[in-house]
1. All but one of (1) among the hydrophobic types (A, V, I, L, M, F, W, C); (2) in contact with a helix residue (DSSP H, G or I) (Cβ under 7 Å, 6 or more places away or on another chain); (3) free of Cβ contacts under 8 Å to residues at least 24 places away in the same chain hold for A52; which doesn't?
2. Would you mind telling me which numbered condition in (1) closer than 29 Å to A149 by Cβ; (2) out of contact with any Phe, Trp or Tyr (no Cβ under 9 Å at 6 or more places or on another chain); (3) of a type outside the set (K, R); (4) at pLDDT 95 or above G90 fails?
3. Restricting attention to the stretch 97-121, which residues are buried (at least 21 other Cβ atoms within 10 Å of the Cβ) and within 23 Å of S26 (Cβ to Cβ)?
4. If H57 passes every condition in (1) touching a residue at least 40 places away in the same chain (Cβ under 8 Å); (2) over 30 Å from I205 (Cβ atoms); (3) of a type outside the set (S, T, N, Q) but one, which one does it miss?
5. Scan the stretch 94-121 residue by residue and report those that are of a type outside the set (K, R) and assigned to a helix (DSSP H, G or I).
6. Where residues in the stretch 51-108 are hydrophobic (A, V, I, L, M, F, W, C) and in contact with a His (Cβ under 7 Å, 6 or more places away or on another chain), which of them is nearest to G14 (Cα to Cα)?
7. Filter the stretch 29-39 down to the residues that are surrounded by 22 or more Cβ atoms within 10 Å (Cβ to Cβ) and over 15 Å from the mean Cα position of the chain (by Cα) and list them by number.
8. Within the stretch 7-28, track down each residue that is in contact with a strand residue (DSSP E or B) (Cβ under 9 Å, 6 or more places away or on another chain) and surrounded by fewer than 23 Cβ atoms within 10 Å (Cβ to Cβ).
Amino acid sequence: MSHLLPDLLCARSGIVCAIGAGGKKSTLYRIANALEVPLALTTTVFCSHFPADLNVHVVASEADSLMQRVLEASLEHPRIAYAGPSSKPGRFSGVSPQVIRTIQQQAGFAVTLVKADGARMRWLKAPKPGEPVIADGCTTVIPVLSARALGQTLGARVAHRPERVASVMGIRDGEIVSPVHMARLFASEQGLLSGINEQTVVPVINMVDDSATEKLAREAATAALEMSDRFDRVVLACMRSKDNPVIAVLER
């Protein structure tokens, strides 16, 4: 089913943005590795360097020259990762949402995969005003949360900005995160549907590492589908698995 991942996530064409916490980059990288079409990887926020095993040509340049360099590189390289430079070691800076759309239109990529949110390596996130930074022309949004948060106490170890997460989930800091709480984060207009308009939405519950976690993740996915009609499926996954990353697909 790994080769079907781009189809399950509606990520075979257009501009695809991953948001949330707990596996945005690994989700985008698994999609990229499953595709054999001209594609780009980029980011609208700070991002770590692209891994070598992606087999992409990397372009890092200041905003005034980035577009031209990417367009020139696309004439020779079918798989490109691009971003802005950063003074922080091992990191890139984000690209303008408008520039991403223009590059996608002019370079002839089948798909552009975009990291459009940051969560500081936490498992849960609720956006603040101005987040996520969705690329112009985005066709699909993939909200990601980590199944490892289920059954854990809500706090800074688990969540980025736990007070915002608690407000959307309807619980207090220090309470146990249940499947219903995670479902609310996926389904709320103050949660991971914030700023999402006409785009196709396909939520992912990542880090489903064992049968106990899968049971809780299935409950969360079922509840999310009941709470919102903005998406028709939820994908349960373990994106860092060496084998097929798809654990289950729950549909309406």
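1. (2)
2. With (1) closer than 29 Å to A149 by Cβ; (2) out of contact with any Phe, Trp or Tyr (no Cβ under 9 Å at 6 or more places or on another chain); (3) of a type outside the set (K, R); (4) at pLDDT 95 or above applied to G90, the lone miss is (4).
3. Listed by number, the residues that qualify are I100, Q104, F109, V111, T112, L113, V114, K115, A116, D117, G118, A119.
4. H57 satisfies every listed condition except (1).
5. P97, Q98, V99, I100, T102, I103, Q104, Q105, Q106, A107
6. That would be I80.
7. Answer for the stretch 29-39, where residues must be surrounded by 22 or more Cβ atoms within 10 Å (Cβ to Cβ) and over 15 Å from the mean Cα position of the chain (by Cα): just L39.
8. L8, C10, R12, S13, G14, K25, S26 - these are the residues of the stretch 7-28 that are in contact with a strand residue (DSSP E or B) (Cβ under 9 Å, 6 or more places away or on another chain) and surrounded by fewer than 23 Cβ atoms within 10 Å (Cβ to Cβ).
The values are calculated or read from the model by the stated rules, or taken from the named source; none is laboratory data. None of these values were measured; they are calculated from a predicted model. Backbone-built Cβ (ideal geometry, glycine too); neighbour counts: all protein chains shown.
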